[in-house]
Amino acid sequence: MSHVSDLQLQDLPGVEPYMISKLKRAGIQSVTDLAVSTPVELIAGDYADNSPIEADIETVFQLVTKAKKALMDFGVLDKEFCSGEQILEKRSQLVRFTTGSKDLDTLLKGGAESQALTEIIGEFGSGKSQLCHTLCVTANNTNQQRNVGGQKLVGNGNYINIIFIDTENTFRPERVHQIAEARGLDHEEIMKKIFVCRIHNSAQLEAVIKNLGKYIEQYEARLVIIDSIISLHRAEYSGRETLAERQQRLNIMLHKLVRLAEIYNVAVVYTNQVQSQPGVPFGTVDPTRAAGGNIIAHASTYRIFLRKAGRNRIAIMLDSPHHAYGQVKFTIGESGVQDVEVEKVSSSNNESGW
Ligand code: ADP
Ligand code: MG
């Protein structure tokens, strides 16, 4: 057995065939599906025509625990107790995808990291989608990616496959083309390896994330970009009376993303909006007012806040397990996200417009 997807529900110890049928009716096809689910969600059923599991919470809890244990034994999920050495070994498989700006990479210690969730927060026009587009290109230009010892590289050559989940209809292949060309990279190769999933409503987003493990395997993706994680839920669950349900749904999605990043060693990057604050001057948005509240804040491994600063952007590391609080400047130009100095040299005739 070589791949985590080869783990079958029937391989789990002590799980009867009738229970496997129940799980399948509930949309759980694999051990990974089960391991990334929460017992509460399985019992409640979901939107995507999957029936709830008719079983008590204790039974379902044990099923999820068995699935997690199988993935731990397989070596893709951390055991409850690991030695520092084991954790270091797992972290040696980390891949970092450069953002296109050296300064921004420094803030991120190399770029968007696999086995982690990176949240990009910012107001409208702060450059979140530009950063996502740039990553589609620069992720293919990552030295660390090529040098990681023992790391199996997927895709052809040095190009990696990317899943881009677009909830705001802002993905523009033309822009990716432009960024690739400006960086001297093969835009045709890059374009072939971006798998864009256009999402129209929150239920569809939830369904895609529910099946994301399968898509990551199918497309051999190393990087998953979600632009944006919140906008559809925010629009559809706008009333006070639906807030609890919205948070519950976000929680389920983020819980899955955390586990999937770990299981498949993929980098997950998503964008989040900042709630507007009446009376606060433009450009001085309070990052603590990121949409989605604590649910998103707690799930994200790294949280980066983007702010406009004249023609440049400031990125602030809000939250990280091992980065100091810090901030850097970058800018957005023809080649996407780039360092401020580079921008000055390459587009000195473009000083106006800010
Ligand atoms: P959001 O945070 O809302 O997703 P965007 O990432 O869409 O914001 O950023 C939009 C900004 O990016 C524009 O206001 C513009 O300043 C900049 N931008 C977009 N395209 C280009 C380009 N081709 N060259 C330079 N700057 C660009
Ligand atoms: Mg955007």
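When residues of the stretch 108-129 are filtered for being within 16 Å of ligand 1 (Cβ to nearest atom) and touching an Asp or Glu at 6+ places or on another chain (Cβ under 6 Å), how many remain?
1
How many residues are open to solvent by 10 Å² or more (accessible area, probe 1.4 Å) and among the aromatic types (F, W, Y) when one looks only at the stretch 85-122?
0
Hey, does the stretch 78-94 have a residue that's closer than 22 Å to E334 by Cβ, touching a Gly at 6+ places or on another chain (Cβ under 8 Å) and more than 16 Å from ligand 2 (Cβ to nearest atom)? Let's see the steps before the verdict.
Restricting attention to the stretch 78-94, the residues satisfying the condition of being closer than 22 Å to E334 by Cβ are none.
No, that holds for no residue.
Quick one: which of I190, I230, I252 is more than 21 Å from E41 (Cα to Cα) and either at pLDDT 95 or above or among the β-branched types (V, I, T) (or both)?
Only one candidate passes the filter, namely I190.
Going by the conditions given, is S300 within 16 Å of ligand 1 (Cβ to nearest atom) and modelled with pLDDT of 90 or more?
Working: within 16 Å of ligand 1 (Cβ to nearest atom): no; modelled with pLDDT of 90 or more: yes.
It is false that S300 is within 16 Å of ligand 1 (Cβ to nearest atom) and modelled with pLDDT of 90 or more.
With within 16 Å of ligand 1 (Cβ to nearest atom) and either in the same structural domain as V328 (by TED's automatic domain parsing) or more than 17 Å from the chain's Cα centre (by Cα) (or both) as the only criterion, which of C82, C132 stands out? Spell out how you get there, then give the answer.
Numbers: C82 fails: within 16 Å of ligand 1 (Cβ to nearest atom).
Being within 16 Å of ligand 1 (Cβ to nearest atom) and either in the same structural domain as V328 (by TED's automatic domain parsing) or more than 17 Å from the chain's Cα centre (by Cα) (or both) holds for just one of C82, C132, which is C132.
What's the total number of residues in the stretch 180-217 that are more than 17 Å from C132 (Cβ to Cβ) and either open to solvent by less than 30 Å² (accessible area, probe 1.4 Å) or not in a helix (DSSP H, G or I) (or both)? Reasoning before the result, please.
Kept after step one, since they are more than 17 Å from C132 (Cβ to Cβ), are these residues of the stretch 180-217: 181, 184, 186, 188-189, 192, 200-204, 206-207, 210-211, 213-217.
Next cut, either open to solvent by less than 30 Å² (accessible area, probe 1.4 Å) or not in a helix (DSSP H, G or I) (or both) only: 184, 186, 200-202, 206-207, 210-211, 213, 216.
Residues flagged as more than 17 Å from C132 (Cβ to Cβ) and either open to solvent by less than 30 Å² (accessible area, probe 1.4 Å) or not in a helix (DSSP H, G or I) (or both) within the stretch 180-217 amount to 11.
How many residues are within 16 Å of ligand 1 (Cβ to nearest atom) and farther than 21 Å from H133 by Cβ when one looks only at the stretch 218-245?
Looking only at that region, the number is 2.
Please indicate, with yes or no, whether at least one residue in the stretch 93-114 is in contact with a Pro (Cβ under 8 Å, 6 or more places away or on another chain), at pLDDT 90 or above and not acidic (D, E).
Let us first name the residues in the stretch 93-114 that are in contact with a Pro (Cβ under 8 Å, 6 or more places away or on another chain), namely none.
Among the residues of the stretch 93-114, not one is in contact with a Pro (Cβ under 8 Å, 6 or more places away or on another chain), at pLDDT 90 or above and not acidic (D, E), which makes the answer no.
For the stretch 218-255, what are the residues that are away from ligand 2 (no atom under 16 Å from the Cβ), open to solvent by 10 Å² or more (accessible area, probe 1.4 Å) and in contact with a strand residue (DSSP E or B) (Cβ under 7 Å, 6 or more places away or on another chain)?
Y219, E220, R222 - these are the residues of the stretch 218-255 that are away from ligand 2 (no atom under 16 Å from the Cβ), open to solvent by 10 Å² or more (accessible area, probe 1.4 Å) and in contact with a strand residue (DSSP E or B) (Cβ under 7 Å, 6 or more places away or on another chain).
Which one is modelled with the lowest pLDDT among residues in the stretch 116-140 that are touching a Phe, Trp or Tyr at 6+ places or on another chain (Cβ under 9 Å) and more than 16 Å from ligand 2 (Cβ to nearest atom)?
Filtering the stretch 116-140 for residues that are touching a Phe, Trp or Tyr at 6+ places or on another chain (Cβ under 9 Å) and more than 16 Å from ligand 2 (Cβ to nearest atom), the one modelled with the lowest pLDDT comes out as N140.
Could you check how many residues of the stretch 63-73 are surrounded by 15 or more Cβ atoms within 10 Å (Cβ to Cβ) and over 18 Å from R91 (Cβ atoms)?
Here the count works out to 7.
The values are calculated or read from the model by the stated rules, or taken from the named source; none is laboratory data. Note that the structure is a prediction, hence the values are computed from the model and not measured. Glycine also receives a Cβ, built like all others from the backbone with ideal geometry; neighbour counts cover every protein chain displayed. Surface areas here come from the heavy atoms of the whole protein model, side chains and all, with no ligands, DNA or RNA. Shrake-Rupley method; radii C 1.70, N 1.55, O 1.52, S 1.80 Å.
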